Amino acid sequence: MTRNDNQSIRRRDLLTGAAALGVFGTSAPSLTFAAQAANPPARGLGAIAASKGILFGASLAVHELDRDHGERYQELYIRDARILTSELEFKLSTLRPKQDALDFHGADRLIGFAAAHSMPVRAHTLIWDDDVPDWIHRLAPGGISDLLDMHIETIMRRYAGRIRYWDVVNEPIGPWDGKPGNLRAGPFYRALGEDYIARAFKAARATAPSDILVLNEAQCETADENGETFRTSLLALLRRLKDQGVPIDAIGFQSHLKLAATYDLPVFTAFLHEVADLGFDIHITELDVNDSTFPGDIAVRDRAVARMYRAYLDAVLKVTAVKVVETWQLSDATSWMNDPATQARMAIRSNPRPLPYDASFQRKPAWDAIAEAFDAAPAR
Ligand code: G3I
């Protein structure tokens with residue numbers, strides 16, 4: 001596809017507002033922040049999305065409920081979310097801190113919160129070659145394959161009927177490891193090769209035949225060499241898995257966007273159509289907008305973040321295979337981007353403003369931009 005130059009989102013456009021004026025038929029959010037505060041929304045984001053057949057929600061971390069802001073934190077989810085993703089509670093590092101110890105405390109609590117508010121849960125994530133507890137690195141290959149089968153069966157059986165969506169495998173692509181197919185070479189890959197992916201999904205389907213099984217990936221969105229490598233590598237992997245009859249229901253695109261990056265949304269949506277044409281639903285699973293490297297003025301940053309939310313969602317929601325949209329938390333106060341180690345590693349600014357609510361749990365222009373994108377989206 002040749003790309004018309006004015007159909008990419010460039011930093012310059014975000015500054016001038018061009019990115020929000022007609023590039024994808026979008027417009028900057030209409031209400032000022034003060035007007036928003038005086039006019040609480042009649043409907044939450046989840047209700048607005050549901051009117052178009054889209055499930056909207058966000059990741060939640062149960063430890064945030066115990067902090068001083070716990071009440072305000074949970075109010076956001078009750079008002080805006082129709083699905084919850086576990087940010088930490090279903091990760092191997094949380095569930096199995098030690099080889100002979102299972103810790104279900106956080107997972108049970110998150111399931112309880114979701115059930116109390118009638119929300120389905122996405123359990124993130126059964127198998128991930130990152131953030132694994134140290135003891136796993138000491139297992140022999142046979143131990144890894146036994147762990148994969150046993151872990152999936154144990155967790156899915158324990159929560160049978162209480163979890164609707166499973167991120168069965170997270171982030172299988174990792175070009176930096178130089179492996180065939182650009183696969184990430186973590187403990188599961190090193191023990192089983194690419195087959196760990198098919199094995200995980202087959203075990204998941206056998207354990208919970210009616211649950212929705214998701215393969216979740218990052219870094220597919222940008223219009224640069226890295227994004228292109230991830231898109232082509234993932235599409236090739238999906239084609240191989242489909243040819244093997246591997247039971248995957250949906251593909252998750254994390255969508256951690258950056259104001260400093262460049263996007264070519266027609267190219268990305270054409271890629272999403274190729275994924276959908278393989279028979280997969282599409283979930284936007286971890287949406288946020290990194291506003292680092294942007295001017296210090298908060299109003300300018302918030303408007304640029306809102307414009308990127310609007311332009312991105314306008315584009316991807318035109319693909320009616322996109323059934324779920326989730327942000328990675330709802331408030332700037334609880335974003336992963338606040339972690340000092342993460343800020344140092346990824347050159348993220350202090351006090352980042354990536355989400356629909358600010359650190360005082362007040363709505364930002366991004367909230368309206370997301371609402372307007374759902375309002376403008378075709379029904380599915
Ligand atoms: O809670 C402990 C705290 O008690 C301790 O003092 C502190 C320092 O060791 O660590 C705290 O736990 C941290 C946890 O976040 C809660 O803040 C873990 O070390 C840290 O590894 C964990 O990071 C999470 C990361 O995944 C790794 O699991 C982030 O919160 C979470 O947002 C991030 O989410 C990932 C998705 O799973 C996959 N896609 C990318 C996304 C962002 O990196």
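The values are calculated or read from the model by the stated rules, or taken from the named source; none is laboratory data. Since the model is a prediction, treat every value here as computed from it, not as a measurement. For neighbour counting, all protein chains shown are included, and Cβ atoms are generated from backbone atoms with ideal geometry for every residue, glycine included. Just so you know, the surface numbers come from the protein's heavy atoms only, side chains and all, with ligands and any DNA or RNA stripped out. Shrake-Rupley method; radii C 1.70, N 1.55, O 1.52, S 1.80 Å.
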Give the number of residues within the stretch 97-138 that are away from the ligand (no atom under 16 Å from the Cβ), part of a loop (DSSP other than H, G, I, E, B), at pLDDT 95 or above and surrounded by fewer than 19 Cβ atoms within 10 Å (Cβ to Cβ). 5
Breaking point among (1) closer than 17 Å to K52 by Cβ; (2) more than 16 Å from the ligand (Cβ to nearest atom), for L287: (2)
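Would you confirm whether or not the stretch 196-208 contains a residue that is in contact with a strand residue (DSSP E or B) (Cβ under 8 Å, 6 or more places away or on another chain), open to solvent by 20 Å² or more (accessible area, probe 1.4 Å) and either assigned to a helix (DSSP H, G or I) or farther than 21 Å from R122 by Cβ (or both)? Full working, then the answer.
Here is the first cut: in the stretch 196-208, the ones in contact with a strand residue (DSSP E or B) (Cβ under 8 Å, 6 or more places away or on another chain) are 196-197, 200-201, 204-205, 208.
Restricting the remaining residues to those that are open to solvent by 20 Å² or more (accessible area, probe 1.4 Å) gives 205.
Cutting the leftovers down to either assigned to a helix (DSSP H, G or I) or farther than 21 Å from R122 by Cβ (or both) gives us 205.
Yes - at least one qualifying residue is present in the stretch 196-208.
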Which of (1) open to solvent by less than 70 Å² (accessible area, probe 1.4 Å); (2) charged (D, E, K, R); (3) more than 26 Å from T334 (Cβ to Cβ) is the odd one out, the single condition E153 does not satisfy? (1)
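Give the stretch 178-195 a look and list any residue that's in a helix (DSSP H, G or I) and either out of contact with any strand residue (DSSP E or B) (no Cβ under 7 Å at 6 or more places or on another chain) or within 16 Å of the ligand (Cβ to nearest atom) (or both), or say none. Let's see the steps before the verdict.
Filtering the stretch 178-195 down to residues in a helix (DSSP H, G or I) leaves 180-182, 187-192, 195.
P180, G181, P187, F188, R190, A191, L192, D195, listed by residue number.
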Checking T94 against (1) in contact with an Asp or Glu (Cβ under 7 Å, 6 or more places away or on another chain); (2) among the β-branched types (V, I, T); (3) assigned to a loop (DSSP other than H, G, I, E, B): exactly one of these is not met. Which one? (3)
Could you grab the pairs with beta carbons closer than 8 Å, sequence gap of 6+ or different chains, first residue in the stretch 71-87 and away from the ligand (no atom under 16 Å from the Cβ) and modelled with pLDDT of 95 or more, second one among the polar types (S, T, N, Q) and open to solvent by less than 10 Å² (accessible area, probe 1.4 Å)? L76/S331
In the set T222, T232, the lone residue that is within 16 Å of the ligand (Cβ to nearest atom), of a type in the set (S, T, Y) and within 20 Å of the chain's Cα centre (by Cα) is T222
